Amino acid sequence: MKNIFLFFFFLIFSINTLAQPTQTVRGRLVDKESKFPLVGVAVLLVNNAPTPVGTVTDTEGNFRLINVPVGRQTFRFTLVGYKEILLNNIVVEAGRETILNLEMEEAITELNTVVVKVKRNGEAANEMAVVSARQFSVEETGRYAGSRGEPARMASNFAGVQGADDSRNDIVIRGNSPSGVLWRLEGVNIPNPNHFAIAGTSGGPVSIINNKYLANSDFFTGAFPAEFGNTTSGVFDLKLRNGNDEKHQLSAQFGFLGTEFLAEGPLSKKSKASYLVTGRYANLWLFKKAGIDIGTEATPTYLDGFARFNFPLKKGGNIALWGVGGASTIDILISEQEASERNIFGQNDRNQYFSTNMATGGITLNKPINKSTFFKATVAVSSNVQDANHDFLFLRKTPQGEPLIENKRFVIDSIRPLLDYKFNETKYSLATYLNKKWGAKSTLKVGFNADLYSFTAFDQARVFNETSMSWTPWTTRWNANREMYVLLQPYVQFKHYLTENLSFNAGLSSLYSSINANSYSVIEPRLGLALELPHRQKFTLATGLHSQGLPSYLYFYHPNLSNVNTVPYPAKNVGFSKSWHFVAGYSKMLADNLRLLVEAYYQNLYDVPVEVQKSSFSLVNSGAGFSRIFPNLLQNAGIGRNYGAEVTLEKFFSNNYYFLITASLFDAQYQGSDKLWHNSDFNGKYAFNALFSKEFTFNKRKSLNIGAKFTMTGGRWYGPVDEVLSRQTQEIVFADATRNSLQFDPYKRFDLKTEYKINRNRLTHTIAVDIVNVLGIQNQLSLSYIPQAPYFKQEYQLGFLPVFFYRIDF
């Protein structure tokens, strides 16, 4: 490891100092609603005094600025009759062109006077979003300390959002289950885009999504627009960028999380067709080589990739073929672990072999019909597979006082098969909408989303009864063969400016599933109001009804298929969970680059799946770990309530620094069939984040960015362990009557990130170290089963974790 760091140190610091390099900045401006090219937009490089640099867009909406100095730049885009766009903190690098494809919103005209409003970084691109929405950029996903370039870890810094634990990137939004988070790509709902993903979850240890091929995307935390269905928690609406259509560019990166490459360029300079291809292979063996704790002695392996081919059409349209996917595998061999080793990714009484793969791909058509109408359609297919085998260990503990044999905790008497399962879900998707505007005041969006699911699954397991010292018979719990059902969601959304400062949104959505007769939500209203006040203030209100179905695997679960004629499927007839969202917000620009945002919310959850028999079980507690759910008979009789207040103080990047401070106070409780109020697993009560970054520039060619982040949240909830049931099932089972009556200590973490960048002519070197949990704080994570009294032990989050990479762009 020492030689690796020395190599990159001398490589970076041996580069000769030359004159400041420059780069081309170009792009395209279109109307926000119709996507029609805008002619004559004035483009100005703001901070290039005393010599202003500017241009205007041509008949196709294209612009080009040459010889733009590398570094962080600010650009202003103006056109009579449209809202001005001000983009600060745009990073210009020598190694690749900066391409800005932007949408301008038509301004309101009253009494022949154009009302000029400025759109800044961070405002959601989706104009139907009134509250609880934020746009994030590729640069943001890499800027925040501890984010590791992942959208989900980056989003955990926003108000109302927190990570579930360090070993995974699940996020808890306003106290809701992480399973309620929806991932969308190019308008279609996609499977969990993470390596080592478990059925029914939305996160995992490592993201398959790579920020290098994302365009600016939106993130929603409540009261979503009508186009988003089958979610009650939050939405990642991811957009893909096109490859460079004029010149070929390459990027290579080596680091702890993987070796990566990226290639992009024109397929045809005449037609402007382009390609973008990426690939990554895991380097987690480096952590083990360096003696860094990643929660297990097993070495996970994974690879992922992406490709996009874009073909422009006449009048600003395009057709794009795209695909993204990844595969991962890990063998957790407890039988080979030493006494000092730990395992937070699996159970401690068995060897575990686990692999997953996920892929999604499609074709997208973007077509401006005229200057007021736009049509978009995406057809896609996706696949999501989990394959696992467990072998039970018959252990003999080393007698007290005797030395450990080969430093092992136990002596292995024998190993026997315990569990075998494979889930395979394939989905065929269609997402289409038509956007129509009438002048600057009114916009109508009508769309339809459809998914056809095909689910295949097999699972069989047995349990060793330690009391009778015998095995139970093999039990088959899943045996589904291409079980198919559809999910349909039509929607309509309308936005109208009542005055130049007051806008009104109204939408209707509907959700239907053919999985059973109870899975439908006929009308889901969405309403929003936004009032712009003097002195750069804004007041917002929004409400909406949202619903969500179960993960596919739960519909086809049965505790023992040999008794299928006498025992019903626990979840076969369960309908949608429902949640009413109410949000009020206030924002004010305290200075040119300083914004205050305050939001308060209330969420009323009902029809939540709970058990028919009296218990504290509720699906609101699912979706944040490596385990599936095995419920008893379920019914839609549970309720819940989430409410809280959030404050964001954000200083946008200017004068070479930025900061983001967020604080949330909230309460998330639910009732099971026992009719008692319980804390949800994710009811941490409070969350606080503080981020700061300062950039230093040297010789106009080199920059050093130093960032820090501090996070503190309330601890997760749990309860006393039922030792008898835990021993019988060989996994942690909490006593039902006292569920979530105990709380882990508050979670605290301090992260640091440094990034050193050197720009040469047409070449950029970047070396970065993202140090997670600098202080090595041992935060409590969970309880895990062990095969002796008291049958559980406490696991801790990941400790000190440095994530290093070197990248070259050319």
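The values are calculated or read from the model by the stated rules, or taken from the named source; none is laboratory data. Remember, it's a predicted structure, so these values are computed and weren't measured experimentally. As a convention, Cβ positions derive from the backbone with ideal geometry for all residues, glycine included, and neighbour counts pool all protein chains shown. Calculation scope for accessible area: heavy atoms of the full protein, side chains included, ligands and nucleic acids excluded. Shrake-Rupley method; radii C 1.70, N 1.55, O 1.52, S 1.80 Å.
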Suppose every K and R has +1 on its Cβ and every D and E has -1 on its Cβ; what is the size of the dipole of the chain about the Cα centre, in Debye to the nearest 20? 2280
Under the rule rounded for a/c under 1.5, else prolate if a/b exceeds b/c, else oblate, using alpha carbon gyration tensor axes a ≥ b ≥ c, the stretch 652-721 is classed as prolate
What translational D, rounded to a whole number of µm²/s, comes out for the stretch 496-564 from Stokes-Einstein when the hydrodynamic radius is the Kirkwood one over Cα pairs, at 20 °C and 1.002 mPa s? 135
Report the charge-dipole magnitude of the stretch 465-612 in Debye, nearest 20, computed about the Cα centre from +1 at each Lys and Arg Cβ and -1 at each Asp and Glu Cβ. 220
Evaluate Rg over Rh across the stretch 478-632, taking Cα atoms for both radii and Kirkwood's formula for Rh. 1.13
Can you give the accessible area of residue 500, probe radius 1.4 Å, in Å² rounded to 10? 60
Using the structure shown, select from 371/427; 578/614; 247/702 the pairs with a Cα to Cα distance greater than 28 angstrom. 371/427
Order the peptides 150-162, 371-383, 608-620 from the highest to the lowest mean number of other Cβ atoms within 10 Å of their residues. 150-162, 608-620, 371-383
Over every pair of different alpha-carbon atoms in the stretch 173-278, take the mean of 1/r and invert it; report that Kirkwood radius in Å. 15.9
Karplus couplings for the stretch 370-382 from phi (6.51 cos²θ - 1.76 cosθ + 1.60, θ = phi - 60°), rounded to Hz, Gly and Pro as x? 7, 6, 10, 9, 9, 10, 9, 9, 10, 10, 9, 10, 9
Could you give the accessible area per residue of the chain, probe 1.4 Å, as a whole number in Å²? 40
Kindly flag which residue pairs out of 32/83; 367/436; 314/376; 239/757 have an alpha-carbon separation exceeding 19 Å in this structure. 239/757
The stretch 478-530: mean projected area of Cα convex hull, nm²: 5.3
Compute the Kirkwood hydrodynamic radius of the chain, taking the inverse of the mean of 1/r over all pairs of distinct Cα atoms, and give it in Å to one decimal. 27.9
Classify the stretch 700-758 from the C-alpha gyration tensor, please: rounded if a/c falls under 1.5, else prolate or oblate depending on whether a/b exceeds b/c. prolate
What translational D, rounded to a whole number of µm²/s, comes out for the stretch 615-769 from Stokes-Einstein when the hydrodynamic radius is the Kirkwood one over Cα pairs, at 4 °C and 1.567 mPa s? 67
Picking from 252, 99, 550, whose Cα lies most toward the positive end of the charge dipole for the chain (charges on Cβ: Lys, Arg +1; Asp, Glu -1)? 99
Using Cα pairs closer than 8 Å and at least 6 residues apart in sequence, work out the relative contact order for the stretch 638-733, in percent. 22
Per residue, what volume in Å³ does the convex hull of the Cα atoms of the stretch 127-232 enclose? 101
Evaluated over the stretch 65-105, the Cα radius of gyration and Dmax, each in Å: 11.6, 36
By how many degrees, between 0 and 90 and to the nearest 10, does the Cα long axis of helix 2-13 differ from the longest principal axis of the chain? 0
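Going by average Cβ neighbours within 10 Å, how do the peptides 665-678, 189-202 rank, with the highest at the top?
Details: 665-678: 18.8, 189-202: 24.1.
So the peptides 665-678, 189-202, ranked by packing, come out 189-202, 665-678.
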For residue 76 and residue 563 in the same chain, what is the full-extension length gain: residue separation times 0.36 nm, less their Cα-Cα distance, in nm? 168.5 nm
What does DSSP give for the chain in terms of the percent of beta bridges that are antiparallel, rounded to the nearest 5? 95
Taking a cut-off of 16 Å between Cα atoms, list the lysines near residue 685, but don't count ones fewer than 8 places away on the same chain. 748
Report, to the nearest whole %, how much of the accessible area of the stretch 432-543 belongs to carbon and sulfur atoms, 1.4 Å probe, protein only. 63
